[in-house]
Amino acid sequence: MQKRKLLLAAVLASALPALAAELSVKIDIPQLAVAEYHRPYIAMWLEKADGGQVTQLAVWYDQKKKDNGGTKWLKDMRQWWRKGGRDLEVPLDAVTSATRAPGLHSLNFVAGKAPLGQLAAGEYTLFVEASREAGGREVVRVPLSWPPKEARSTGSKGQEELGNVTVQLKP
Amino acid sequence: MHSLTRSFLAVALLASVSVAHAHRTWLLPSAAQVDGKDPWVTVDAAVSEDLFELGANALKLDGLSITDPDGGAVQPNQTFTGKYRSSLDLKLAKSGTYRISLVSETAMASYKLNGEMKRWRGNVADLKKEIPAEAEELAVSTTFGRLETFVTAGKPNATVLKPVGSGLELIPLDHPSEFLVGQPARFRLLLDGKPLPGLTVAVVPGGVKYRGVLKETALTTDAKGEFTVNWPMPQMYWINAGYPARVTVPEGQPRPPMPAKRYNYSGTFEVLPQ
């Protein structure tokens with residue numbers, strides 16, 4: 001009897017990760033032909049359709065500057081800043097990390113785990129905002145439903161500061 | 001040990017340069033072409049992160065030089081320096097094109113005094129009196145800067161479009177008060193009066209705050225030091241070049257030593273719709 005329970009627990013444990021819904025985001029940071037290039041600051045968050053609830057997913061900023069000096073430009077991601085950026089204490093576990101070079105970058109978020117956590121069912125918009133020192137600023141939006149009922153791929157594209165943003169959902 | 005101190009010093013100097021470089025210095029004329037019976041122009045001088053958006057500091061108007069359409073020197077009618085900008089008002093008494101320049105020589109010095117590293121930044125003229133004679137391991141880098149814009153009252157002329165012949169300067173080969181979208185504009189870049197080939201020049205439209213995307217173009221001067229700009233939209237533009245060119249050092253690699261002389265040029269040009 002005891003054995004069977006253990007076995008059941010083991011089966012459930014191994015099955016659980018496969019049951020957790022996944023949200024993957026691929027962002028293309030374009031190579032820009034400019035005289036003075038700085039890597040972009042990038043923020044990514046989910047907003048409920050009514051705009052109320054905000055879930056922070058990722059913030060990339062210059063973490064190498066002395067005395068956390070890179071935080072000075074966080075406010076230049078203006079939309080993110082208004083959507084809770086200004087209330088965050090950075091660095092923030094599971095959310096903040098260093099800026100990244102031009103190229104394709106993948107991020108993977110799993111239901112139940114930070115920073116996605118227990119996201120309530122509903123219609124959301126994924127926002128990706130990029131801002132570059134001595135450069136421009138751009139926001140790309142991708143609508144999505146959570147939790148996903150089936151595997152789905154969707155996306156959008158920026159004009160200059162951001163290339164393709166692809167969202168893959170897995171139930 | 002000595003070379004270690006040196007390279008630390010070079011890094012420290014370069015670090016301060018890159019911080020300063022994130023800010024852009026500019027002149028902004030109220031218009032490039034002024035018509036009418038009583039033409040006046042106002043020019044703002046400031047340092048900021050986004051072009052033509054006030055927000056960091058005013059620029060001092062020391063080193064201001066205004067050349068009138070006959071090639072003579074003129075003084076502004078009034079000047080003002082506030083928190084975010086300096087301004088000058090100029091009555092365009094003569095018909096033709098004026099050149100308004102702000103020329104600077106800035107020194108960055110680093111030295112050891114009683115075993116302690118010190119840094120100093122200021123006008124070249126103050127260098128001798130500000131740095132103690134007993135300073136050791138003195139390293140100085142001088143930046144020659146030129147900020148410029150052109151304005152025309154009535155009919156344009158070309159007297160002020162001749163090179164000054166010193167430092168880094170940009171000579172418009174098409175008339176700078178008559179730039180229009182859809183009409184390519186040619187320029188020649190000179191160092192001490194000689195064409196400077198193979199240097200990358202940044203062409204940046206203002207107003208990025210309201211547009212988001214920067215729309216900057218990087219152009220490289222040809223064998224004659226020339227390049228052609230195709231304006232993407234009507235706007236005030238900032239054209240900038242620095243010599244020697246900035247080098248991008250891969251992460252973890254040591255930075256090259258700071259050049260003893262650096263040159264920086266920024267010109268502001270108005271581009272109107274067709």
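The values are calculated or read from the model by the stated rules, or taken from the named source; none is laboratory data. As the structure is a prediction and not an experimental result, all values here were calculated from the model. We place every Cβ from the backbone using ideal geometry, glycine too, and count neighbours over all the protein chains shown.
Tabulated data for the structure shown
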{"read-out": "Residue in segment A:18-71 that is nearest to the chain's Cα centre (by Cα), counting only those that are within 30 Å of B:VAL247 (Cα to Cα) and among the small types (Gly, Ala, Ser)", "value": "A:ALA43"}
{"read-out": "Test set (1) within 30 Å of B:PRO259 (Cβ to Cβ); (2) touching a helix residue (DSSP H, G or I) at 6+ places or on another chain (Cβ under 6 Å); (3) of a type in the set (S, T, N, Q) - B:THR97 fails condition number", "value": "(1)"}
{"read-out": "Residue within segment B:165-188 that is within 14 Å of another protein chain (Cβ to nearest Cβ), crowded, with 18+ Cβ neighbours inside 10 Å and not in a strand (DSSP E or B) present", "value": "no"}
{"read-out": "Residue count for segment B:226-268, restricted to those that are surrounded by 13 or more Cβ atoms within 10 Å (Cβ to Cβ), more than 22 Å from B:THR143 (Cβ to Cβ) and among the β-branched types (Val, Ile, Thr)", "value": "1"}
{"read-out": "Some residue of segment B:59-69 being more than 24 Å from B:ASN157 (Cα to Cα), within 14 Å of chain A (Cβ to nearest Cβ) and of a type in the set (D, E, K, R)", "value": "no"}
{"read-out": "Filtered residues of segment B:26-43 (kept if surrounded by 21 or more Cβ atoms within 10 Å (Cβ to Cβ) and not aromatic (Phe, Trp, Tyr))", "value": "B:LEU27, B:PRO29, B:ALA32, B:GLN33, B:VAL41, B:VAL43"}
{"read-out": "Residue in segment A:80-89 that is surrounded by 18 or more Cβ atoms within 10 Å (Cβ to Cβ), under 30 Å from A:ALA35 (Cβ atoms) and in contact (Cβ under 8 Å) with a residue 60 or more places away in the chain present", "value": "no"}
{"read-out": "Meets criteria (modelled with pLDDT of 95 or more, of a type in the set (D, E, K, R) and surrounded by 15 or more Cβ atoms within 10 Å (Cβ to Cβ)) for A:GLU133", "value": "no"}
{"read-out": "Residue in segment B:91-110 that is surrounded by the fewest Cβ atoms within 10 Å (Cβ to Cβ), counting only those that are hydrophobic (A, V, I, L, M, F, W, C) and farther than 16 Å from B:LEU59 by Cβ", "value": "B:ALA93"}
{"read-out": "Restricting segment A:126-155 to residues that are away from every other protein chain (no Cβ under 14 Å) and out of contact with any strand residue (DSSP E or B) (no Cβ under 7 Å at 6 or more places or on another chain), the residue that is nearest to A:ARG82 (Cα to Cα)", "value": "A:PRO147"}
{"read-out": "Among the candidates A:ALA121, A:ALA101, A:ALA94, A:ALA111, residue that is loosely packed, with under 13 Cβ neighbours inside 10 Å, touching a Pro at 6+ places or on another chain (Cβ under 9 Å) and either small (Gly, Ala, Ser) or without any contact (Cβ under 8 Å) to a residue 60 or more places away in the chain (or both)", "value": "A:ALA121"}
{"read-out": "Residue count for segment B:226-246, restricted to those that are away from chain A (no Cβ under 12 Å) and either polar (S, T, N, Q) or within 15 Å of A:GLU160 (Cβ to Cβ) (or both)", "value": "4"}
{"read-out": "Residue that is farthest from B:PHE52 (Cα to Cα), among those in segment B:201-214 that are within 8 Å of another protein chain (Cβ to nearest Cβ) and surrounded by fewer than 18 Cβ atoms within 10 Å (Cβ to Cβ)", "value": "B:VAL213"}
{"read-out": "Qualifying position, being more than 10 Å from chain A (Cβ to nearest Cβ), under 28 Å from A:LYS65 (Cα atoms) and of a type outside the set (Lys, Arg), among B:ALA260, B:ALA218, B:ALA223", "value": "B:ALA260"}
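Results for (1) among the basic types (Lys, Arg); (2) more than 22 Å from the chain's Cα centre (by Cα); (3) not in a strand (DSSP E or B), shown as yes or no for each residue.
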| position | (1), (2), (3) |
| --- | --- |
| B:GLU105 | no, no, no |
| B:LYS112 | yes, yes, no |
| B:ASP126 | no, no, yes |
| B:GLU134 | no, yes, yes |
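Here is a yes/no grid of residues against (1) touching an Asp or Glu at 6+ places or on another chain (Cβ under 8 Å); (2) more than 30 Å from B:LYS224 (Cα to Cα); (3) β-branched (Val, Ile, Thr):
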| position | (1), (2), (3) |
| --- | --- |
| B:MET117 | no, yes, no |
| B:GLU130 | no, yes, no |
| B:GLY154 | yes, yes, no |
| B:VAL164 | no, no, yes |
| B:ILE171 | no, no, yes |
